[in-house]
Every structure is written in C-alpha cells, then in structure tokens.
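All remarks here apply to the structure that follows.
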Amino acid sequence: MYKIAEVDGVISSCIFHTLLVVSIAKNLKENVGKIGVYSVKGSAGKKVGLHKKSFMPMDERILQIKHNLSWLPQPNESRVVLSSHLPPRELIATALVLAFDGDRLLQTHLVARGWDIVGGHIEPGESPEEAVRREAYEEASARLGDLHLLGYQRLRLLGPRPDEYRYSYPDSYQAFYWAQIEALDEFTPTEEARERALFGPDDARMLPFVKMLGELYLVALQAALS
C-alpha cells in the first residue's frame, strides 16, 4: 500500500488521535440523530424543516467558510456544510464520496491533481448517487455499498457571471457522501487515474483532502466505524 512519507512540522500521531477523539465526540454530541446517519434510501431519515427563502435545513452545521478559492472566478465564497438534506438537484454540479474499507479511506491518484477522494461531474440524466457510483468505479474500480449523505459545499460567485462559466450562478454545489466499499476490482491505470490506495487514520492526516476538510473526514470516519 502507498505510504506517505513523514515531513518536518507534522503533528505527532498521538496528538492527531487526541484531536480525532475530541472532534468525533463533539460531532456526536451535536449531531446524533441529525447528521451523518441518513441513508440515501431514506430508511433512517426524517422530515427536515426549512428556513423560509432559503435552501438550508435547520439541522445543518457549517464546518468551514473560505473566500477566493483559486480555482473559481473571483471574488467567491465557499461554504462546507454538514447536512441531511441535498441542495436543489439542478444546482448540484459534482458529487463525491468518502469511501471506507473499515477505517481506511479510499483515494485515487489523479493525473490532474494528485491524491483525492473519488467523485466528479454529474452527467445529464444522472442523479448525484449514480454519478458517485460511476466515478468510484471509473477512478478506483470500487463498488460501493449504501450511500449516506454527509453534506455539501456551496460555491458562490460574488461578482458578475463570467461569459464562459458553465455552472449555475451565483450558487453551485458539490454533494458529499460516505460509504463502505463492497468490493475492489482489479485496477488498471487510465489517462485520468494512475493508481488507488487505502489510507488508515495515521496516513490519511497527510492527504490534501483531509488537510483541507479534516472535520468532514472525521465525521465520515466516525460514521463508517459506528
């Protein structure tokens, strides 16, 4: 299995596990019965109240707000939200999944951007769940079990709409799920993906996605282990 090398300045494994336990406990206290336990099939779901004039359910929690992401037209704002409710389907551009084998997170090594979770653009006629399953197989030859909604990232442009911008304006969304892996078929490198690997918590803390969205990863990991 691919092993990420240690680098200077990285927090120790003991500190990482302490932070992991604290964050999981915090999320459990705040979100038991609300966040991270809703199946796409709706078997454990419930009705979600909505604020008037808003797409945001009342049982959401904002994890992160950032401004001026380099890969979006600027100025912009990114908001990552834990939620049991999808945004309007027509505004969701991409769907991604934190897929686990036990406590090991699946990653694909993409030619374009290195190690990342699997997922991508939703094709015409696809649901977000169908897109996630297709991308997981295309990028990592992974067959997924039940999909569970984690939340979403809202991407909002704060300036005029660029002429070549192909997503909904001013808001577009990325949907995040978690799932257990049912099977890993034989992987063959493609023009898009070079390899795949599974990363336990000690190694996962070094991954770009976990560094960027660590709290989302911790909620997904707790859910996968529960």
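Inspect the range 213-222 for any residue being part of a loop (DSSP other than H, G, I, E, B), in contact (Cβ under 8 Å) with a residue 24 or more places away in the chain and of a type in the set (Gly, Ala, Ser) and give the result as yes or no. No, because not a single residue in the range 213-222 is part of a loop (DSSP other than H, G, I, E, B), in contact (Cβ under 8 Å) with a residue 24 or more places away in the chain and of a type in the set (Gly, Ala, Ser). Glu90 - would you say it is among the charged types (D, E, K, R), over 29 Å from Ala183 (Cα atoms), modelled with pLDDT of 95 or more and in contact with a Leu (Cβ under 7 Å, 6 or more places away or on another chain)? In short, no. For the range 139-147, the criterion of being farther than 21 Å from Ala224 by Cα and part of a loop (DSSP other than H, G, I, E, B) is satisfied by no residue at all. Gly102 satisfies every condition listed in (1) in contact (Cβ under 8 Å) with a residue 12 or more places away in the chain; (2) surrounded by 14 or more Cβ atoms within 10 Å (Cβ to Cβ) except (2).
Being in contact with an Asp or Glu (Cβ under 6 Å, 6 or more places away or on another chain), assigned to a strand (DSSP E or B) and at negative phi holds for only one residue in Arg156, Arg79, and it is Arg156.
The values are calculated or read from the model by the stated rules, or taken from the named source; none is laboratory data. Everything numeric here is computed off the predicted structure, so don't read it as measured data. When we count neighbours, we look across all protein chains shown, and the Cβ atoms used for this are built from the backbone with ideal geometry, even at glycine.
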